[in-house]
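A.B. asks: There's a structure below that I have some questions on.
The values are calculated or read from the model by the stated rules, or taken from the named source; none is laboratory data. Quantities reported herein were computed from a predicted structural model and do not represent experimental measurements. Positions of Cβ are backbone-derived with ideal geometry, glycine not excepted, and every protein chain shown enters the neighbour counts. The area values use the complete protein model at the heavy-atom level, side chains included, leaving out ligands, DNA and RNA. Shrake-Rupley method; radii C 1.70, N 1.55, O 1.52, S 1.80 Å.
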Amino acid sequence: GVCNLLSWMRDALNFSAHARVGHMASIAFDASVLEIWASLISGASLHLPYKDAIGAPDLLTHWMVNQKITHCFMVTAMVEAILPYLEEAKNLSLQVLYTGGDKLTRTPKDEVPFLFYNMYGPTEASVAASCHLIPPGLQQVPPIGKGIDEVRLSLLDQQVQLAPLGLPGEPYLG
């Protein structure tokens, strides 16, 4: 559940009292749990961008640099729009950028000074159930990754059998 997810985030994504977390997700979106509660359990500070920055990748990048944001979740559309700005930003403190909510089609093209994660969480999961560290320059659609701690993720075929490696299937969580 949620406690497992938050414990995993604290450890795997290096949330600590020194983290400065950007709060981008709407409070009505389940991903806000990642930002708010991961910050609370790790002692990190949570930073809310000004309203005009949310829809403007250049302003949001400027805000992230000025606020020295180290950890940030963004929905897929937002992360795909801001990546070119983050790739060019100077003095960026960002260490971890993680995304989810839709199929990711753009990844950093070159080396970036932060780790970039694709997260997946179906409705029946507590926000996120899997995660994949995306290498810069990936030229294909990134995978949804492996199950986080205490989550078993399997891809099953139409006969509800394990799908062979490399073939499509439906994700099942255990």
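A.B. asks: Inside region 110-128, can you point out the residues that are among the aliphatic types (A, V, I, L, M), surrounded by fewer than 22 Cβ atoms within 10 Å (Cβ to Cβ) and within 15 Å of Phe73 (Cβ to Cβ)?
C.D. replies: Matches in region 110-128: Leu115, Val127.
A.B. asks: Being modelled with pLDDT of 90 or more and not β-branched (Val, Ile, Thr) narrows it down to one residue among Gly55, Gly137, Gly145, Gly100; which is it?
C.D. replies: Only one candidate passes the filter, namely Gly100.
A.B. asks: Which condition from (1) in contact with a strand residue (DSSP E or B) (Cβ under 6 Å, 6 or more places away or on another chain); (2) closer than 19 Å to Leu86 by Cβ; (3) not hydrophobic (A, V, I, L, M, F, W, C) is the one that Asn66 breaks?
C.D. replies: Only one criterion in (1) in contact with a strand residue (DSSP E or B) (Cβ under 6 Å, 6 or more places away or on another chain); (2) closer than 19 Å to Leu86 by Cβ; (3) not hydrophobic (A, V, I, L, M, F, W, C) is unmet by Asn66, namely (1).
A.B. asks: Taking the options Leu133, Leu104, name whichever one is surrounded by fewer than 16 Cβ atoms within 10 Å (Cβ to Cβ) and of a type in the set (A, V, I, L, M).
C.D. replies: Every option except Leu133 fails the conditions.
A.B. asks: Right, another one. Name every residue in region 1-57 that is in a helix (DSSP H, G or I), open to solvent by less than 50 Å² (accessible area, probe 1.4 Å) and free of Cβ contacts under 8 Å to residues at least 12 places away in the same chain, in order of residue number.
C.D. replies: Once the filter is applied, which keeps residues that are in a helix (DSSP H, G or I), open to solvent by less than 50 Å² (accessible area, probe 1.4 Å) and free of Cβ contacts under 8 Å to residues at least 12 places away in the same chain, region 1-57 yields Ser32, Ala53.
Condition check ((1) closer than 16 Å to Met9 by Cβ; (2) among the basic types (Lys, Arg); (3) touching an Asp or Glu at 6+ places or on another chain (Cβ under 7 Å)) across all residues:
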position	(1), (2), (3)
Gly121	yes, no, no
Ser130	yes, no, no
Arg152	no, yes, no
Asp157	no, no, no
Leu162	no, no, no
Gly169	no, no, yes
Tyr172	no, no, no
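A.B. asks: Looking at (1) open to solvent by less than 40 Å² (accessible area, probe 1.4 Å); (2) within 21 Å of Trp8 (Cα to Cα); (3) not in a loop (DSSP other than H, G, I, E, B), which one does Val65 not meet, given that it meets all the others?
C.D. replies: (2)
A.B. asks: From the list Ala31, Ala38, exactly one residue is at pLDDT below 95 and touching a strand residue (DSSP E or B) at 6+ places or on another chain (Cβ under 6 Å). Which is it? Lay out the reasoning, then the answer.
C.D. replies: Details: Ala38 fails: touching a strand residue (DSSP E or B) at 6+ places or on another chain (Cβ under 6 Å).
Answer to the selection: Ala31.
Conditions tested, residue by residue: (1) over 22 Å from Phe29 (Cα atoms); (2) of a type in the set (S, T, N, Q).
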| position | (1), (2) |
| --- | --- |
| Ser42 | no, yes |
| Ser45 | no, yes |
| Thr70 | no, yes |
| Met74 | no, no |
| Ala77 | no, no |
| Ile82 | no, no |
| Leu94 | yes, no |
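A.B. asks: Please state which one of Val160, Val127 is touching a helix residue (DSSP H, G or I) at 6+ places or on another chain (Cβ under 7 Å), in a loop (DSSP other than H, G, I, E, B) and among the hydrophobic types (A, V, I, L, M, F, W, C).
C.D. replies: Going through Val160, Val127 in turn, just one is touching a helix residue (DSSP H, G or I) at 6+ places or on another chain (Cβ under 7 Å), in a loop (DSSP other than H, G, I, E, B) and among the hydrophobic types (A, V, I, L, M, F, W, C): Val127.
A.B. asks: May I pose another question? Of the residues that sit in region 136-166 and are at positive phi and not small (Gly, Ala, Ser), which one is surrounded by the fewest Cβ atoms within 10 Å (Cβ to Cβ)?
C.D. replies: Only one residue tops the list, namely Val160.
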